[in-house]
């Protein structure tokens, strides 16, 4: 059984998280929220295989027909059902440089929520990017049967960099723009409808000592859901930068965080709070408008943090990394609510925020059977009550007859 760690807190709220590790396993962690119960692993999908290591994941978090995209080390993209883990489609990204190889692995994956041009209810669109800068927009037609997991696909490819290595990519909330950055690659933004570059960052100037910091972006995220012009990027030189493409090409705000590379950056729904994790396991929240540290999360991780995600509804975040722990944190008190040991190094985590509504829904056939059972139980209860009332009334009549006989006998004795 996985080891769990709990602390004295208000308890972990009801939630469902999916984690992805280096052996290709997808583990479902759930917390019921009853009596401060710690989250537990309820399901594990797949077989351990290092060649099926999960490099990136994307979840279409919705109440009806949710989808989960998983990019593996072998170069395959699988579209799964986040409810039961069934494979809906499986494709291979075409590349002249073999994306499954170590020097051109998939570093970014986004599964589109909205329907794009040419898509239907039984299809999906996804965007992938490899470390060599090969972006791929793929239209996947999912199969009707679960046994036939290979769906038809059409692909559109283009390059987002001429040299260097891509390490991070992100798609905005409207799913119209995407950013890419990496080692030797300045952050650039592309229009996904036109497959054209619309903006590129400029390297920061030399510092007071005349030292130039080479370009090395490790993580990035858009800051606001309603505006794609502002985004935050973390660097290998432990810097956090805020860019505004409508203002200038260089960072608007820049500050350092500890002494190790930034490995994960996540935004809050308020549009100005960000969560940062680095290679030494430090986790903190900042106000990106001023670069002010709001506070560090209590309970240092023992390994590099690789993924941070904010729950869309609850005031909690989840983090995971090379220490093999999934940790749930309270964003207000910055306290550790719970931690679950998952045995393997973790690469990513996502929240399934609609699981409670899906569990609450009961199929109509089940509702009908429940109603019929309830009516039959009520009828049986009424019949039992009628029988009991008849027996009770009959016993009362016998008692009255006996009493009347006794009264007559008593009157004769008196006479």
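The values are calculated or read from the model by the stated rules, or taken from the named source; none is laboratory data. Computed from a predicted structure; not experimentally measured. Ideal geometry is used to build each Cβ from the backbone, glycine not excepted, and the neighbour counts take in all protein chains shown.
Scanning segment 126-149 for residues that are surrounded by 15 or more Cβ atoms within 10 Å (Cβ to Cβ) and under 17 Å from residue 82 (Cα atoms), we see that the one that is modelled with the lowest pLDDT is 149.
Among the residues of segment 103-125, which ones are closer than 23 Å to residue 217 by Cα and at pLDDT below 90? Passing the criteria: 103, 104. Candidates are the residues of segment 233-246 that are more than 20 Å from residue 304 (Cα to Cα) and touching a residue at least 40 places away in the same chain (Cβ under 8 Å); the one that is surrounded by the fewest Cβ atoms within 10 Å (Cβ to Cβ) is 245.
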